[in-house]
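Here is the structure we will look at.
The values are calculated or read from the model by the stated rules, or taken from the named source; none is laboratory data. Not measured: the values here are computed from a predicted model. Cβ placement follows ideal geometry from the backbone for every residue including glycine, while neighbour counts extend to all protein chains displayed.
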């Protein structure tokens, strides 16, 4: 961790200081837990009251706040500026430089780039190609004819099946499997027959994949994860699915096969998406949503089945009232039957004046 003055940080993020630029910043923290020497940030207005009580030395904000009791660093995008400050103060995780371990199993036909660090018990199969500056942690398996670009990090017990391709600066966290067979079976006379999965998986540049994810290879066409997309833990991507660039898939998302997801989509945790549909660009899907139809560009959908957000809010807020509404309907039906019986020809009551 490296100390910086508030003025140095402002210059680094392209912001300006309201207060003392010579304050020494040693660490970053939330508004509630910050102490002297810490810097925090304020993005959500519901936390604005904490600005009056925080013990932070400085806070990153979007605009100057009159009467603020602490020094401010004003930046156009406070959260991004805070990210930059975090990188400057702490840096990213450092990886031990081991070179190629003698206890790693590296095929003679594999090609390893410069400055790679391959740890104990990693396996690199025949004809694999690994770019410069990659880190392969213990017990990772790189299958035959796999291609991995420069600067990738594969954490322990990652498996990359044969023929898959990873771009540059891809991060795959522990326990994830790339290129497993798709869930493809033909049912004949009550038995399920496995369909060969001859496609591959293509992971484009700057993708990060969480732990224990499963990305299936395509039956015929490749499964593709677009540039800059980020997948949380326990995400499952079905065979032949294409996820566009710069998408965010939160933990436990499941996408069935042959689905197309556009660019800059956000899919909340535990959401499920059926196969063979299209999710447009800039779509937001709420947590635990069940998406059964294609979604147009720019829409936000919620609930199961997923509905457009405004419609979903109206529909799902009615759920607690359904038992009461059901009883009201029954009562109305009973009254209507009585009225109808009174109006029937020949009814004693109908004949009375």
Sole miss for residue 13 among (1) touching a residue at least 24 places away in the same chain (Cβ under 8 Å); (2) over 24 Å from residue 92 (Cα atoms); (3) surrounded by 15 or more Cβ atoms within 10 Å (Cβ to Cβ) is condition (2)
Among the residues of region 41-61, the number that are farther than 17 Å from residue 21 by Cα and touching a strand residue (DSSP E or B) at 6+ places or on another chain (Cβ under 7 Å) is 3
What do you reckon, is residue 276 closer than 30 Å to residue 178 by Cβ, more than 16 Å from the chain's Cα centre (by Cα) and loosely packed, with under 14 Cβ neighbours inside 10 Å? yes
Give me the residue from region 44-82 that is exposed (fewer than 15 other Cβ atoms within 10 Å of the Cβ) and within 28 Å of the chain's Cα centre (by Cα) and, out of that set, farthest from residue 15 (Cα to Cα). 46
Condition first: out of contact with any helix residue (DSSP H, G or I) (no Cβ under 7 Å at 6 or more places or on another chain), assigned to a loop (DSSP other than H, G, I, E, B), surrounded by 13 or more Cβ atoms within 10 Å (Cβ to Cβ) and in contact (Cβ under 8 Å) with a residue 24 or more places away in the chain. Can you find one or more residues in region 25-39 that meet it? yes
Mind telling me which of the residues 302, 307, 342, 322 ends up being free of Cβ contacts under 8 Å to residues at least 60 places away in the same chain and either over 44 Å from the mean Cα position of the chain (by Cα) or outside the structural domain of residue 242 (by TED's automatic domain parsing) (or both)? 342
Residues of region 174-198 classified as surrounded by fewer than 21 Cβ atoms within 10 Å (Cβ to Cβ) and either out of contact with any strand residue (DSSP E or B) (no Cβ under 8 Å at 6 or more places or on another chain) or closer than 24 Å to residue 228 by Cβ (or both), total: 10
Scanning region 279-301 for residues that are in a loop (DSSP other than H, G, I, E, B) and in contact with a strand residue (DSSP E or B) (Cβ under 7 Å, 6 or more places away or on another chain), which turns out surrounded by the most Cβ atoms within 10 Å (Cβ to Cβ)? 289
